[in-house]
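*Asks:* Right, I'll just put the structure down here and ask away after.
The values are calculated or read from the model by the stated rules, or taken from the named source; none is laboratory data. In this text, all values refer to a predicted model and were calculated from it rather than measured experimentally. Glycine also receives a Cβ, built like all others from the backbone with ideal geometry; neighbour counts cover every protein chain displayed.
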Amino acid sequence: MDQTLFFILLIALCSVSECFLHQYHFINENKAWTEAQRYCREKYTDLATVDDMNDMNELNKSVNDGSVQYVWIGLQKTGRDEWYWSSGEPALYLNWATGEPEGRDYCAMMLNGEWHDLPCNYNQHFICNNNAELILIKENLTWSEALRYCRQNHVDLVLVHSEEMQHEVMNVVKRASTAAVWLGLHNYCIMNMWLWLSGEMVCYQNWAPGNGTTPENCSLEKRKGAVQSGGDQRWISLPESHKLNFICSRY
């Protein structure tokens, strides 16, 4: 296939692919917002985060109890009219009801698919989301060995398709015993492009300076992607024979 055509096709696939999917879990217990947050972080990933309309539709489906009206989501006001998700990410997608937020309260709940601000100490049901569970393996293996381990014992080496997933990875790699940790990222030498193991193009990128953006020399050894375990935890390109810790995903 012509290289230019192939590159255009990959960009098109990247633009239409859904890079991240939350799994929502309705919790049939009444808790204040901070208690709900603590519960979700202990048993899942966090209180529900909503990135777009697709997430919003899935969130609505998760509330399977018709008698429940109000449910906490992971949205809170941390500054003057600045709303952030419990994960620390700014809220870029919003679905406020007409006239909301009123401005006097600091936590958000959902009612009939629309959001309202409410005092954080109210007790009500809530929704957790579960991102891909990440497992740091503190064994020093080559990239191919790490890939084989993850596929035999879990699902795969981790794929980082969004800034939110990068934050999940950053929380995990702090405990690594090597300076970098393998990701499910490899250089496709024929096209000199970086791809995820799923075959998807790298839409979201977090490369360290001098990595990932210049042509790789594959003549001696293939290059694979890793994330630094210290510093600002950016991605780096390394020969696949390096032995590092690695991160597996459970689904």
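*Asks:* How many residues are of a type in the set (D, E, K, R), under 25 Å from residue 50 (Cβ atoms) and over 24 Å from the mean Cα position of the chain (by Cα) if we restrict to region 115-165?
*Replies:* 1
*Asks:* Of these, 92, 134, which one is crowded, with 17+ Cβ neighbours inside 10 Å and not β-branched (Val, Ile, Thr)?
*Replies:* Working: 92 fails: crowded, with 17+ Cβ neighbours inside 10 Å.
The conditions single out 134.
*Asks:* Another question, if that's okay. Please go through (1) without any contact (Cβ under 8 Å) to a residue 40 or more places away in the chain; (2) buried (at least 18 other Cβ atoms within 10 Å of the Cβ); (3) closer than 29 Å to residue 230 by Cα for residue 108 and return the number of the only condition it doesn't satisfy.
*Replies:* If we test residue 108 against (1) without any contact (Cβ under 8 Å) to a residue 40 or more places away in the chain; (2) buried (at least 18 other Cβ atoms within 10 Å of the Cβ); (3) closer than 29 Å to residue 230 by Cα, just (3) comes out false.
*Asks:* Could you please let me know if residue 103 is on the phi > 0 side of the Ramachandran plot, at pLDDT below 90 and assigned to a loop (DSSP other than H, G, I, E, B)? Full working, then the answer.
*Replies:* Details: on the phi > 0 side of the Ramachandran plot: yes; at pLDDT below 90: yes; assigned to a loop (DSSP other than H, G, I, E, B): yes.
When the stated conditions are applied, residue 103 passes them.
*Asks:* Just give me the residues in region 25-74 being in contact (Cβ under 8 Å) with a residue 60 or more places away in the chain and of a type in the set (Gly, Ala, Ser), in sequence order.
*Replies:* Answer for region 25-74, where residues must be in contact (Cβ under 8 Å) with a residue 60 or more places away in the chain and of a type in the set (Gly, Ala, Ser): 32, 36, 48, 62.
*Asks:* Taking the condition part of a loop (DSSP other than H, G, I, E, B) and of a type in the set (Asp, Glu), does residue 117 pass?
*Replies:* On the way: part of a loop (DSSP other than H, G, I, E, B): no; of a type in the set (Asp, Glu): yes.
Here the answer is no, as residue 117 does not meet what is asked.
*Asks:* Which pairs do you get when a residue that is in the same structural domain as residue 160 (by TED's automatic domain parsing), found in region 170-199, comes within reach of a residue that is in a loop (DSSP other than H, G, I, E, B) and among the basic types (Lys, Arg), reach meaning Cβ atoms under 8 angstrom, with the pair 6+ apart or on two chains?
*Replies:* Matching pairs, first to second residue: 178/243; 186/222; 187/222; 189/222.
Let's see how each residue does on (1) surrounded by 15 or more Cβ atoms within 10 Å (Cβ to Cβ); (2) closer than 15 Å to residue 228 by Cα:
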residue: 161; (1), (2): yes, no
residue: 166; (1), (2): yes, yes
residue: 172; (1), (2): yes, yes
residue: 175; (1), (2): no, yes
residue: 181; (1), (2): yes, yes
residue: 199; (1), (2): no, no
residue: 208; (1), (2): yes, yes
